[in-house]
Amino acid sequence: SQLISDKQQRRESTTPTATMAASFASLPEILQPKEEDIQMMLSAGVHTGTKNSDDAMKDYIWRRRNDGVHILNIGKTWEKLVLAARVIVAIENPEDVVAISARPYGMRAVLKFAHYTGAQSIAGRFTPGTFTNQITKQFREPRLLVITDPRTDSQAVRESSYVNIPVIAFCDSDSPLQFVDIAIPANNKGRYSIGLLYWLLAREILRLRGSVSRAADWDVPVDLFFHRDPEELKKADEEQQAKLDDAAAAAAAAAAEPAYGEAVAPPVEGMEGAPVVDPAMAVPAEGAAPAFGAGAAAPAAAGFSAPASGAGDWAGADATQAAGNW
């Protein structure tokens, strides 16, 4: 029994590699994915399906986990991505391609995809009659549609069948394939999965057009294609504003402190707001004797001296008075 379990485990571990190699064998070497691309797809959960499956999608399902979730064949995902990119590049006017997403997680990805590839986009609710009613203001006549989810965008897929517009769609394990011409098996319900798929598709389109070199990485980060929650954006803006306020308060406090080595005179009690007067320039009041503080020796230094006779008279009078008393 141990031998059988080892063989089964070995077979399960080698099956995805063999299946992916078989899928990539149909592609030229230059169109085959790199190891980083496969790692990104696995990290984003592109291969994770749902617990339900459609009969038309059984060719794209690799296996089913113990918890009932279907695992998609990631090798066929890449093969269909390259095929879809080649079909989109064959359209002469890029504006004849319309990317549609009614799912909130795909709105930002659709807008970015249209921006970088030159296509048109419809993010949000799809107005019925956009492809069939010529009276509507939003009437369009595209040559190709890129659909995020055939079930959520069923109205656009149905109208495309009325006017013979081919459809490229990202299909999960339970997605209906009616009126879908090229199905890309992938997880079309995850935030990161949808963003990465549109990023890979846009990069492959630009590479086939020659706008981006295959030797260098695309300078557009994949984060731009991910959905961003408005609450998270508001919280991030508040945190950034709080940091700016703290920095401004710290700068104001630093500017209010005295410079190094600068002496600050202590305030005098009861003299708030009184003008500061230089003692040397003060004018004495009428009838008051001039007070010399630190400059009391100034008259002597200028050549003035007290009369000597006055000093002798005072000394003699004191001596006579003292003798008479005794």
Legend entry - Where only alpha carbons of the stretch 132-266 are counted, the Rg and the Dmax (Å): 26.4, 90
Legend entry - Segment R143-R63, length gained on full extension (0.36 nm per residue, minus Cα span): 25.3 nm
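Kirkwood hydrodynamic radius of the stretch 76-215 from all distinct Cα pairs, in Å?
Numbers: mean 1/r = 0.0673 Å⁻¹.
Mean inverse Cα-Cα distance, inverted, gives 14.8 Å.
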Inset, instruction - Would you calculate the separation in nanometres between label points at L42 and E239, each defined as 7 Å from the Cα along the Cα-to-beta-carbon direction? - result: 3.0 nm
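Subtracting the Cα-Cα distance from 0.36 nm times the residue separation, let me have the gained length for E35 to R158 in nm, one decimal.
40.5 nm
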Inset, instruction - Roll a 1.4 Å probe over the protein heavy atoms and report the accessible area of D246 in Å², nearest 10. - result: 110 Å²
Inset, instruction - Mind giving me the nanometre distance, one decimal, between the label points for T132 and A254, set 7 Å out from Cα along Cα→Cβ? - result: 6.7 nm
Legend entry - Projected-area mean, the stretch 35-136, by convex hull of Cα positions, square nanometres: 9.0 nm²
Inset, instruction - Give the accessible surface of the stretch 93-185 per residue, rounded to a whole number of Å², with probe radius 1.4 Å and ligands, DNA and RNA excluded. - result: 44 Å²
Legend entry - Sorted peptide list for 204-217, 120-133, 184-197, criterion being average Cβ within 10 angstrom, highest first: 184-197, 120-133, 204-217
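On the protein heavy atoms, probe 1.4 angstrom, tell me the percent of accessible surface of the stretch 119-191 carried by carbon and sulfur. Let's see the in-between values first.
Working: 1460 of 3280 Å².
The C+S portion of the solvent-accessible surface of the stretch 119-191 is 45 percent.
The values are calculated or read from the model by the stated rules, or taken from the named source; none is laboratory data. Predicted model, so just to flag it, every value in this text is computed and none were measured. Here the Cβ is made from the backbone with ideal geometry for all residues, glycine too, and neighbour counts use every protein chain on show. To get the accessible areas, we keep the full protein, side chains included, count just its heavy atoms, and leave off ligands, DNA and RNA. Shrake-Rupley method; radii C 1.70, N 1.55, O 1.52, S 1.80 Å.
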